[in-house]
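> After the structure tokens below, expect a handful of questions from me.
Values quoted throughout were computed directly from the atomic coordinates according to the rules given, and no laboratory measurement underlies them. The model shown is predicted, which means the values in this text are computed figures rather than measured ones.
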Amino acid sequence: MKTICIIFIAFGFPHLNAMEPFRATLSTPDSIYKSVEQSPEFPGGDTKFMQFLQKNLEIPTPANEDEVVGKVFLKFVIDTDGSVTNLTVTGAKDPALEKEIKRVFGICAKFKPGMQGGRPVKVYYTLPIYDIYGR
């Protein structure tokens, strides 16, 4: 395995999504929001979260070195206790890459939960990244 540089495509991590919660009219304890009054925050902020991922994510060397760039989407929920749940990885060309991403999120520190109306709520994120294999 070799560690590679990850370029995160985001304009301020807490503001990746700007849509209403997944709800019809009223929020329930199980509502998952895409936009909240106070966004979840990783301990130390966005920069520390990106540093955590860059430090801990070891991208497996692809079997085919011609696979240079791939766009991968991480979709997950930050729960009311700050834990990352419901992580899905789409666009990974290699199952080992998906496994590694899930491993790293499994050791991730809890976020400060998102807040809506003065109470912690579940917040949905989509985080696009490029995995660069380079030579």
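> Can you tell me which lysines have their Cα less than 19 Å from the Cα of K93? Leave out same-chain residues fewer than eight positions away.
Counting by Cα, and skipping residues close in sequence, K93 has these lysines nearby: K2, K71, K75, K102.
> May I pose another question? Per 0.36 nm of contour for each residue apart, how much would the distance between K112 and E37 grow if the chain were fully extended, relative to their Cα-Cα spacing?
25.7 nm
> OK, next. Calculate, in nm to one decimal, what D81 and T126 gain on full extension: separation in residues at 0.36 nm each, minus their alpha carbon distance.
Value of the extension gain: 14.3 nm.
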